[in-house]
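Report on the following structure.
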Amino acid sequence: MKKFVRQTAVTAGVVSMLTLAACGDEATETEESDDSGEDTAEETEDDDDEEDDGDDDDEEGTEVDEDEEVDVDDVDEDEVVSLDDFDQVREADESEVLEDGSLTAAIVSDSPFEGTLNWNFYHGTHDAQILSWFDEALLSWGDDFVYNQEGAATYEVSDDNLTYTFEIHEDVNWHDGEPVTAEDWEFAYEVIADPEYTGVRFGEDIMNVEGVMEYHEGEADEISGIEVIDDKTLEITFIEANPSIVTGGIWSYPLAKHIFEDMPVDEIESSSEVREEPIGFGPYVVEDIVPGESIQMSRNEDYWRGTPALEEATLQVVGPNVVANSLESGDVDYVESFPADQVVDTMDAENLEFLGVTDRAYTYIGFKLGEWDAEAGENVMNEDAKMADPALRQAMGKALDDEAVGENFYDGLRWDGTTLIPPSHPEFHNDEIEGHGYDPEEANALLDEAGYEDVTGDGFREDPDGDELVITFASMEGGDTAEPIAQYYMQAWEEVGLNVELLDGRLHEFNAFYDMVEEDDEDIDIYQGAWTVGIDVDPDSLYGRTSPANYSRYVSEENDELIERGLSDEAFDVEYREEVYNEWQEYMVEQTPVYPTVYRADIDAMNERVVNTAIGDGTGVYRYEIGVTEEEPVTN
């Protein structure tokens, strides 16, 4: 890690709300990170489909005293660090790395991990973190987010950009010794396209393969656009050529056909082969699982890239409130997505190192505007929804000082979100769009003009019909800052005359929260979530008409048209695609079905003995290379 330059900052925003705390990392690590490169967040951020987990855990949600004021004038300065102070890669000479080392990595969470340990079915970021140690995609990509030839499979493209031919390396084998084949890849598409499929991957990218819809609807016994040439060669033909195909539009996670072929599709996700004895072809092999708590792994001696540096790796759940102490004491060696609000307090520890990068993620406030119609397979708007007025949504955005939240409670490692394409994609993120900005006066003016007035004189606005307006806000527990930020948001909205109350008067457990959001719980008017976006900027999988992950349920013909243009033949011209997505970003600010509160830095923290690791895309450093230089963690 480079030496930090500490900066002392006092801003206008600090004066107004310095002691509010932003939502904790666990409260907003709701994103589902999808290493396929697609945007998904079945929240995808991390939801739990098991009723027992969701219902039981939710009873333990954090109670919040909504009458307790958050003092916003107590702190007058804060230490701010710059993302420029972090390296992206930590390397060591091969001679320094122990041949048979072991390490313990933390899964930072207040909740048990769900344990859906298969890329084709997983839902959340914690399961994805576990999966990345023992399984991987067949395709890899560089820092330009385009598939390259460095993965377990290479590819060629036809002149018309419709047909892709993939060659899987001969030495790519499942952990049980069976080869990873073209049939395994085809089988993954067949399972996802099956009408009994229980996961969330059946979307536009899958539907763009020739014959998928006929297979899905039972009109064909096979997918006509997928052909197995030989054991290691697969050909996929798409219906429409678009630039997203090579930046996340190919599903490249095979499914072991020799294990799952005879299993009913709707039973795969809950099977022991997924939850108790998962298989992959990655650098480590799962040896033991304590459900929701920990995973023991051993070296895959047959890994296709080479022999992994570690003999053993353990992943265990560690609460966000204790993870820093666990790291400093040597109880854990390695923490991916270290809580941003704890970096400054931890970075002076002499036995720790940090890596950082702009995250492909943002936290957001979403407005419930309709529901998911499962039978029709699309989102349906409700014109009578409480949050249907764009002026109300815009005003709520202008009431919050998100820049001060980032500076003073994440020490500069989160900052004001402006558009729904984050700065991790600089080619398409429009930094000239200012978003809503912090402007409570304008928020009041918008509400006045839209007819939201305090008719009864109780300090709260009624709706334009003169009826009581109470907005129910769902947010998650997690970390020391989750409760204060929820309180701040409600206080800030109260200052512009809006009566906002927490759902059930408390913060909700992570998995249960997303169950309610996904199911369009009628008691939720607004909610706070977060997304990790894919390597491609196409917003369809998060905000498209047919996306079940479009949790606001916002749809419009103009949104459809802009998304379609971003995937058109003309969009192979990068400048044209930039123009389209500039329009889309501006349109979504105007409509505000959701709005980004903060962008974020992604920080990994590790014991000094951990080497050969990296953060971010296209570094050329792979999971199997991570190693240790000492037998035991270095302690202060």
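The values are calculated or read from the model by the stated rules, or taken from the named source; none is laboratory data. Remember, it's a predicted structure, so these values are computed and weren't measured experimentally. In this analysis, Cβ positions are derived from the backbone assuming ideal geometry, glycine residues included, and neighbour counts consider all displayed protein chains. Surface accessibility is based on the protein's heavy atoms, side chains included, excluding ligands, DNA and RNA. Shrake-Rupley method; radii C 1.70, N 1.55, O 1.52, S 1.80 Å.
Can you name every residue in segment 323-374 that is surrounded by fewer than 24 Cβ atoms within 10 Å (Cβ to Cβ) and in contact with a Lys or Arg (Cβ under 7 Å, 6 or more places away or on another chain)? Across segment 323-374, the qualifying residues are E353, L355, G370, E371, W372. Within segment 530-540, is even one residue touching a His at 6+ places or on another chain (Cβ under 8 Å), β-branched (V, I, T) and either open to solvent by 20 Å² or more (accessible area, probe 1.4 Å) or outside the structural domain of H436 (by the TED database) (or both)? No; the residues of segment 530-540 include none that is touching a His at 6+ places or on another chain (Cβ under 8 Å), β-branched (V, I, T) and either open to solvent by 20 Å² or more (accessible area, probe 1.4 Å) or outside the structural domain of H436 (by the TED database) (or both). Within segment 357-373, the presence of at least one residue that is over 23 Å from V317 (Cα atoms) and polar (S, T, N, Q) is confirmed. When the test is whether a residue is open to solvent by less than 20 Å² (accessible area, probe 1.4 Å) and in contact with a Pro (Cβ under 7 Å, 6 or more places away or on another chain), Y489 does not pass it.
All conditions but one from (1) part of a helix (DSSP H, G or I); (2) farther than 30 Å from E441 by Cβ; (3) open to solvent by less than 20 Å² (accessible area, probe 1.4 Å) apply to R553; the one that does not is (1). None of S326, S337 is within 30 Å of T419 (Cβ to Cβ) and of a type in the set (S, T, Y) except S337. Where helices (runs of 4 or more DSSP H) sit wholly within segment 240-310, none has at least 3 residues that are open to solvent by 20 Å² or more (accessible area, probe 1.4 Å), assigned by the TED database to the domain that holds N118 and under 15 Å from R623 (Cβ atoms).
Of everything in segment 535-546 that is in a loop (DSSP other than H, G, I, E, B) and under 17 Å from W584 (Cα atoms), the residue that is modelled with the lowest pLDDT is D536. Residues in segment 185-219 that are charged (D, E, K, R) and touching an Asp or Glu at 6+ places or on another chain (Cβ under 9 Å) were compared, and the one that is nearest to A374 (Cα to Cα) is E196. When every residue of segment 585-595 is checked against the conditions, at least one turns out to be part of a strand (DSSP E or B), surrounded by 19 or more Cβ atoms within 10 Å (Cβ to Cβ) and among the hydrophobic types (A, V, I, L, M, F, W, C).
Checking each residue in segment 502-520 for being in contact with a Ser or Thr (Cβ under 7 Å, 6 or more places away or on another chain) and either within 17 Å of D454 (Cβ to Cβ) or part of a helix (DSSP H, G or I) (or both) picks out L503, F510, N511, Y514. Report yes if some residue within segment 81-102 is crowded, with 18+ Cβ neighbours inside 10 Å, under 24 Å from F513 (Cα atoms) and at pLDDT below 90; otherwise report no. Looking for residues that are crowded, with 18+ Cβ neighbours inside 10 Å, under 24 Å from F513 (Cα atoms) and at pLDDT below 90, one finds none in segment 81-102, hence no.
Contact map, segment 525-547: first residue closer than 14 Å to S244 by Cα, second residue in a strand (DSSP E or B), Cβ cut-off under 8 Å, separation 6 or more or different chains; pairs are V533/R360; V533/A361; V533/Y362; G534/R360; I535/W141; I535/R360.
Here the helices (runs of 4 or more DSSP H) wholly within segment 377-460 that include at least 2 residues being at pLDDT below 95 are 402-409.
When we screen E590, E579, E501, E518 for residues that are more than 17 Å from I365 (Cα to Cα) and charged (D, E, K, R), the only hit is E579. Condition test on T165, is it touching a residue at least 12 places away in the same chain (Cβ under 8 Å), open to solvent by 20 Å² or more (accessible area, probe 1.4 Å) and under 25 Å from the mean Cα position of the chain (by Cα)? So T165 fails the test.
Listed here are the residues, each with its yes/no results for (1) more than 25 Å from the chain's Cα centre (by Cα); (2) over 29 Å from G306 (Cα atoms).
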residue: T233; (1), (2): yes, no
residue: E240; (1), (2): yes, yes
residue: V246; (1), (2): no, no
residue: Y253; (1), (2): no, no
residue: M263; (1), (2): yes, yes
residue: E269; (1), (2): no, yes
residue: R275; (1), (2): no, no
residue: E287; (1), (2): yes, no
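Taken as a whole, the structure leaves A404 outside the set of residues that are of a type in the set (G, A, S), more than 24 Å from Q585 (Cα to Cα) and touching a Leu at 6+ places or on another chain (Cβ under 8 Å). Scanning segment 88-142 for residues that are among the polar types (S, T, N, Q), under 26 Å from E353 (Cβ atoms), assigned to a loop (DSSP other than H, G, I, E, B) and touching a residue at least 60 places away in the same chain (Cβ under 8 Å) turns up Q88, S109.
Considering segment 419-437, the residues that are touching a helix residue (DSSP H, G or I) at 6+ places or on another chain (Cβ under 7 Å) and over 23 Å from V357 (Cβ atoms) include one that is surrounded by the fewest Cβ atoms within 10 Å (Cβ to Cβ), namely G437.
Among the residues of segment 503-510, at least one is surrounded by fewer than 23 Cβ atoms within 10 Å (Cβ to Cβ), in contact (Cβ under 8 Å) with a residue 60 or more places away in the chain and over 25 Å from the mean Cα position of the chain (by Cα).
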